[in-house]
């Protein structure tokens with residue numbers, strides 16, 4: 001509502017962008033909180049000299065798309081050891097169960113030493 005760029009918007013921030021969108025010059029001594037005023041009325045190239053024209057979500061999505069193989073490699077690098085650990089623990093569980101069954105079998109079928 002505040003930054004809506006319509007004629008019926010009475011706000012002073014009409015056609016502006018939030019302060020967080022502004023580019024900050026290193027030599028700027030005084031912070032201008034109204035640096036984004038009127039930026040929505042400019043075209044994309046003109047506004048990009050004063051503000052960040054892309055949103056945070058767009059930047060994140062673009063970064064993910066450009067680094068998809070890296071993220072996939074990291075995911076596989078984390079998932080494969082986990083899956084190997086699950087597989088080895090299941091093998092260990094099965095071996096323990098087999099040993100328990102063998103001990104129970106040996107106790108039941110123990111030969112009588114007096115015969």
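Test each condition in (1) under 19 Å from the mean Cα position of the chain (by Cα); (2) surrounded by 10 or more Cβ atoms within 10 Å (Cβ to Cβ) for residue 50 and report the one that comes out false.
Every listed condition holds for residue 50 apart from (1).
So, residue 35, is that one touching a residue at least 24 places away in the same chain (Cβ under 8 Å), surrounded by 11 or more Cβ atoms within 10 Å (Cβ to Cβ) and assigned to a loop (DSSP other than H, G, I, E, B) or not?
No; evaluated as a whole, the condition is false for this residue.
Please identify the pairs in which a residue from the stretch 53-79 that is under 26 Å from residue 22 (Cβ atoms) has its Cβ atom under 6 Å from the Cβ atom of a residue that is in a helix (DSSP H, G or I), counting only partners at least 6 apart or on another chain.
From residues that are under 26 Å from residue 22 (Cβ atoms), the pairs are 53/44; 53/47.
Only one residue in 40, 99 is within 23 Å of residue 14 (Cα to Cα) and assigned to a helix (DSSP H, G or I), so which one is that?
Values: 99 fails: within 23 Å of residue 14 (Cα to Cα).
Exactly one of 40, 99 is within 23 Å of residue 14 (Cα to Cα) and assigned to a helix (DSSP H, G or I), namely 40.
Test of understanding: among 106, 43, which residue is at pLDDT 85 or above, within 32 Å of the chain's Cα centre (by Cα) and loosely packed, with under 10 Cβ neighbours inside 10 Å?
Residue meeting the stated conditions: 43.
The values are calculated or read from the model by the stated rules, or taken from the named source; none is laboratory data. A quick note: this is a predicted structure, and the numbers were derived from the prediction, not measured. Here Cβ is always computed from backbone atoms with ideal geometry, including for glycine, and neighbour counts include all displayed protein chains.
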